[in-house]
1. Kindly provide the set of residues from the stretch 25-39 that are more than 6 Å from the ligand (Cβ to nearest atom) and either touching a Ser or Thr at 6+ places or on another chain (Cβ under 6 Å) or without any contact (Cβ under 8 Å) to a residue 24 or more places away in the chain (or both), ordered by number.
2. Go through Ser343, Ser305 for me and flag whichever is small (Gly, Ala, Ser), within 26 Å of Thr157 (Cβ to Cβ) and modelled with pLDDT of 95 or more.
3. Which condition number in (1) surrounded by fewer than 16 Cβ atoms within 10 Å (Cβ to Cβ); (2) of a type outside the set (Asp, Glu); (3) over 17 Å from Gly354 (Cα atoms) is the one that Gly265 fails?
4. Find the residue count for the stretch 399-447, including only residues that are under 22 Å from Leu383 (Cβ atoms) and touching a residue at least 60 places away in the same chain (Cβ under 8 Å).
5. Just to check your reading of the model, which residue among Arg373, Arg423, Arg388 is under 18 Å from Arg175 (Cβ atoms), at pLDDT 95 or above and basic (Lys, Arg)?
6. When only residues in the stretch 186-242 that are closer than 26 Å to Glu59 by Cβ and among the hydroxyl-bearing types (Ser, Thr, Tyr) count, which is nearest to the chain's Cα centre (by Cα)?
7. Filter the stretch 47-103 down to the residues that are over 28 Å from Gly228 (Cβ atoms) and in contact with a Leu (Cβ under 8 Å, 6 or more places away or on another chain) and list them by number.
8. Are there any pairs with C-beta distances below 9 angstrom linking a residue in the stretch 220-240 that is closer than 22 Å to Leu286 by Cβ to a residue that is modelled with pLDDT under 95 and in a loop (DSSP other than H, G, I, E, B), with the two at least 6 apart or on different chains, and if so which?
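The values are calculated or read from the model by the stated rules, or taken from the named source; none is laboratory data. Keep in mind that what you see is a predicted model, and the values were worked out from it rather than measured. Cβ sites come from the backbone with ideal geometry, for glycine too, and all protein chains shown count toward neighbours.
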Amino acid sequence: MNQTIEADVVVVGGGPAGINAAIAAGRQGVRTVLIERHGFVGGMSTAASVYPWMTFHTEQGEQVIQGIAQEIVDRLMQAGGSPGHLRDTVGFVHTVTPYHADIFKVLVLDMLKEAGVQLLVHSFVDRVIAEDGRIRAVEITGKSGRIAIRGSVFVDTSGDADLAYLSGAPVFKGRDGDHRTQPMTMKFRMRGVDLGRVRRYMIENPDNFYRKTPIAELDKIPLTGVQGFYSQWKEANLPINRDQVLFFTGPADDEVLVNCTRVQGLDATNVLDLTQAEEEGRRQVLMMAEFMQKKLPGFERASISSVGTQIGVRESRRIDGLYHLTIEDVVEGRKFDDVIARSGYPVDIHDPTGKGVKAAWIGGDGAYDIPYRCLVAKEIDNLLAAGRCISTTHEALATTRLTPSCMATGQAAGTAAALAHKRSVRAADVDVAELQAELLKENACLR
Ligand SMILES: Cc1cc2nc3c(=O)[nH]c(=O)nc-3n(C[C@H](O)[C@H](O)[C@H](O)COP(=O)(O)OP(=O)(O)OC[C@H]3O[C@@H](n4cnc5c(N)ncnc54)[C@H](O)[C@@H]3O)c2cc1C
């Protein structure tokens, strides 16, 4: 071992969940280390060009995600890096939140520093030292060789539950039965798009777009997203297994982020599969961009301006926690005594094998609770998870995986990890009332 770093809370994975977890733990005054394999933070939001964030609101328009996630949006707005929450012109959710990925990357570095967090980038966790049901240290490989980071409580925000898996804690992958996961997508941006022309075409051809598109409002609100172009897509008959075109606008006024490629049947925790997925995704990007330039009104002068650094992974491993959030919990808008976060994003399953997306809407007041038990891993006493790899079923993951929810579970996991350290208790024994009080102090939304 070349070096050892001592910490109280160790957060593995610097995506939306990990950033929020590390800031929350740091603000509790404990020594916090955040470890990220890329050279920058942001996870899917930066490395895979996922955009925009959706959603902080219920379908009825109530904001149910606040806390550090909202602070990030506020600070982005101050820095000219986001217009804030805007109506979703796809019509799938109430609001979407556009943001400038490169401003986001730097702004959260300020927030991590202010919280006293030690950040390690270019650091891949590939070994976990666990004994007697506790993690003692994680090990990273980097340019300076092997480094061990010892800690008292660990938070898995790797998206892929790497920490849980490497520690020997039980994990799940994909749907029950065949373990297939939602497809991967290589996202890309185009500039030079005439969005005024796109908008006019939509108003003149409403039947060619998603049935919930607010066509009547399109000339009054900013165009944020477009789903449809069904006739052009059908006619093109490209070898991409989906049934419509989907893109979001911004941050520049001639720019879109295209969410259309689809790589199915591959496992994002298998390097051979990932290699194939990266190639297939990039080939689909070129095919898709050519189709858009030739066939979609408004794209005649557009060209690719960037492609994701890595393919976007919607689903891989998740922890087996003390509770598995289910689709019934979501669609009934269920409430839990140990709520640590809420979400108003519907279930949105991109078919692991078919063309479509299966959606299910949230009943009740339009939001469901995420219980603390979904963050607590079985069998390892000092391990919590947040973000995409919390304990849910495959179906419920199709809502908890959205970025604002990942930020909210991140804040909860980081706060809980700090409390577990300060009170010298197992993650499972954190006083939930105290955790909720701490989250409320940091403006989280629990009711
Ligand atoms: C194609 C696609 C479209 C999506 N669309 C939207 C959308 O429109 N709006 C929205 O809000 N959300 C969307 N999402 C969901 C959202 O982007 C992710 O679910 C969310 O980013 C998950 O956050 P996370 O922090 O849990 O994990 P991630 O964002 O995956 O971050 C995990 C981080 O951990 C790091 N890491 C992983 N393993 C290790 C390791 N062993 N050692 C060190 N570091 C490690 C990674 O590099 C990464 O930075 C989409 C996702 C995809 C893939």
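1. If the condition is that a residue be more than 6 Å from the ligand (Cβ to nearest atom) and either touching a Ser or Thr at 6+ places or on another chain (Cβ under 6 Å) or without any contact (Cβ under 8 Å) to a residue 24 or more places away in the chain (or both), then Ala25, Gly26 are the ones that fit.
2. Numbers: Ser305 fails: within 26 Å of Thr157 (Cβ to Cβ).
Only one candidate qualifies: Ser343.
3. Among (1) surrounded by fewer than 16 Cβ atoms within 10 Å (Cβ to Cβ); (2) of a type outside the set (Asp, Glu); (3) over 17 Å from Gly354 (Cα atoms), the lone unmet condition for Gly265 is (3).
4. Matching residues across the stretch 399-447 total 28.
5. So the residue among Arg373, Arg423, Arg388 that is under 18 Å from Arg175 (Cβ atoms), at pLDDT 95 or above and basic (Lys, Arg) is Arg388.
6. Filtering the stretch 186-242 for residues closer than 26 Å to Glu59 by Cβ gives 187, 195, 198-199, 202-203, 205-230, 242.
Those still in the list that are among the hydroxyl-bearing types (Ser, Thr, Tyr) too: 210, 213, 224, 230.
Values: Tyr210: 24, Thr213: 24, Thr224: 19, Tyr230: 27 Å.
Per the stated criteria, the residue is Thr224.
7. Within the stretch 47-103, Gly67, Ile72, Arg75, Leu76, Ala79, Gly81, Ile103 meet the criteria.
8. Trp233/Arg242; Trp233/Asp243; Lys234/Asp243
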